[in-house]
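Report on the structure given below.
Just so it is clear, none of the values below were taken in a lab; they were calculated from the coordinates. Treat the numbers as computed from the prediction; the structure is a model and nothing was measured. Note that each Cβ is placed from the backbone with ideal geometry, even for glycine, and that neighbours are counted across all protein chains shown.
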Amino acid sequence: MPFYNSQGTIPLKRHTVFSKDNNTGIYYEEHISREGFSNIYSNIYHIHMPTQLKEVLPLTPYLKRVETVDHRHRHIETSKFKKTGDIVNSRNPLFYNDDVVISVAHISQKADFFYKNAHHDELFYIQSGGGIFESNFGSIRLKKGDYLVIPRGVIWKISDFDKVKCLIVESRGMIRSPKRYRNQFGQLLEHSPFCERDICTPKLEDPIDKEGEFLINVKYHEGLQSYIYKNHPFDIVGWDGYYFPYTLNISDFEPVTGSIHQPPPVHQTFEGDGFVVCSFVERLFDYHPNAVPAPYPHSNVDSDELIFYSKGNFMSRSGIKEESITYHPMGLPHGPQPGKYESSIGMKRTDELAVMIDTFKSLKPTQNLLDHEDKEYYKSWIK
């Protein structure tokens, strides 16, 4: 995130001796940076060297790929998924391409390991439940409606949690605030739908100085690799920099409205390499006397559209329930379903809550999605 943060105790000067109390030794600095020391970074300070690895366990494959499928609109009710588990094995991957992996998860149990993603940043949208996100940067209390952004390399787990349902985007590139809403220094502009005050950063607590066997599961493109380390990964006394996890609650997103229908880019909340994320929230409808609030039929000739329906009555759709996902691929027009375009005329506001992901490379469905989708959805525009 492009603003400076500092937690705990750090030395006056980076890359210098940082002595422990009573000169009983030194703390060990770890530099975490993007793009080969050329982008944002943080320095974190350990009681022990963070490199003391005791054992490497076998790699577990992660994603079942599908080579060729029909190019068509899709719908899936994710609330019907039976699979539950911890922060890793509860995930149901649905779509993927070279830039992203999109999943839903029903997290029902505490993990007996720590986790980090080595190849992707992760964005969680908390549909329901909550808990405490614990990391080597500190802790954040999670609640319904939170977007949780976890840069790659952050070690974390969730504790003290109520059953969590969430949408997850794994991004090959950095997850950022939208360029359209930032100035040249990275500050969010005055007309941005949210600002830095809305962002919750981790709070570092006392370091955990323990020695033993600590299991860290690390996700790579190919699968999950397990490592056993000698020291607890949260032996951190302080850190500072621009690189850290954070949350933004969708209720703090202030919608942009107009006299006629506003296109999705005004609702943009995040961007990454090859995709954007938009938040559709409760808002007043268009106020031109002849406005049609429902979105006009449109063809995404350069992007695939995926929408996760979080809450409320989505005024352009029929047969959609909470936690449903619709997928509309590039090259095919889509829009309001029969009667929804006309019935929106004269409406004053909407109570909908939804998360949209547009990708600029075609998404491929996983076998998991194909096994659970509504195979008749593409016919839903026929009266």
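Answer rounded, prolate or oblate for segment 122-162, using the Cα gyration tensor with square roots of eigenvalues a ≥ b ≥ c: rounded when a/c is under 1.5, else prolate when a/b is larger than b/c, else oblate.
Here segment 122-162 falls in the oblate category.
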Hey, what does the equivalent ellipsoid look like for segment 254-379, semi-axes from the Cα gyration tensor as sqrt of 5 times each eigenvalue, largest first, whole Å?
24, 17, 14
Under 5 Å from the placed amide H of residue 310, counting only residues 5+ away or on other chains, we find 323, 353, 354, 355
If r is the Cβ-Cβ distance from residue 290 to residue 313 and R0 is 35 Å, what FRET efficiency results, to the nearest 0.05?
0.90
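So if each residue of separation counts as 0.36 nm, and I subtract the Cα-Cα distance between residue 242 and residue 348, what length gain in nm does that give?
Details: separation 106, 0.36 × 106 = 38.16 nm, distance 4.14 nm.
Fully extending the segment from residue 242 to residue 348 adds 34.0 nm.
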Less than 24 Å apart at the alpha-carbon level, and either on another chain or at least 8 residues along: which lysines does that give for residue 179?
361
Need one word for segment 93-137: rounded, prolate or oblate. Basis is the Cα gyration tensor (sqrt eigenvalues a ≥ b ≥ c); a/c below 1.5 gives rounded, then a/b vs b/c decides.
oblate
Extension gain from residue 195 to residue 262, taking 0.36 nm per residue of separation minus the Cα-Cα distance
22.0 nm
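List the relative contact order of the chain as a percent without decimals, with contacts defined as Cα pairs under 8 Å and 6+ residues apart. Walk me through the numbers on the way to the answer.
Working: 944 pairs, mean separation 81.0, N = 383.
Relative contact order, the chain: 21 percent.
At a Förster distance of 56 Å, what's the computed FRET efficiency of residue 340 paired with residue 19, Cβ-Cβ distance as r, to 0.05? Working shown, then result.
On the way: r = 67 Å, r/R0 = 1.20.
Efficiency for this residue pair is about 0.25.
Once you have a ≥ b ≥ c as the square roots of the Cα gyration tensor eigenvalues for segment 94-212, tell me rounded if a/c is under 1.5, and otherwise prolate or oblate according to whether a/b is larger than b/c. It would help to have the intermediate numbers written out before the result.
Details: a/c = 1.59, a/b = 1.34, b/c = 1.18.
In terms of gyration-tensor shape, prolate.
Given Cβ point charges of +1 (Lys, Arg) and -1 (Asp, Glu) and nothing else, what value in debye, to the nearest 20, does the dipole of the chain about its Cα centre take? All intermediate terms of the calculation are to be shown ahead of the outcome.
Values: 44 positive and 49 negative charges, 114 e Å.
Computed charge dipole of the chain: roughly 540 debye.
Please identify the GluC sites (Glu not before Pro) of segment 320-383 that satisfy two criteria: DSSP loop assignment and at most 13 other Cβ atoms within 10 Å. Which are they? If you can, show how the numbers build up before the last one.
Numbers: sites: 322, 323, 342, 352, 373, 376; in loops: 322, 323, 352, 373, 376.
Taking segment 320-383 and a limit of 13 other Cβ atoms within 10 Å, the loop GluC sites (Glu not before Pro) found are 376.
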Amide H neighbours of residue 154 under 5 Å, counting only residues 5+ apart in sequence or on other chains, H built in-plane at 1.01 Å?
117
In this structure, among 116/210; 143/321; 116/379; 82/348; 163/203, pairs with alpha-carbon gaps over 31 Å are 116/379; 82/348
Label point 7 Å out from residue 187 along Cα-to-Cβ: which residues of segment 1-41 have amide N under 16 Å?
2-5
Under 20 Å Cα-Cα from residue 375, which aspartates and glutamates qualify once same-chain neighbours fewer than 8 residues away are excluded?
67, 70, 77, 304, 305, 322, 323
Using alpha carbon centroids, what distance separates segment 216-271 and segment 278-347, in Å?
26
What are the ³J(HN,Hα) values, in whole Hz, obtained from phi via the Karplus relation 6.51 cos²θ - 1.76 cosθ + 1.60 with θ = phi - 60°, for each residue of segment 69-81 in sequence order, with x given for Gly and Pro?
9, 4, 8, 7, 5, 9, 9, 9, 8, 6, 5, 7, 4
Would you compute, from DSSP H runs of 4+ residues alone, the mean residue ellipticity of the chain at 222 nm, taking -39500 (n - 2.57) per run and dividing by the full residue count, rounded to the nearest 500?
-500 deg cm²/dmol
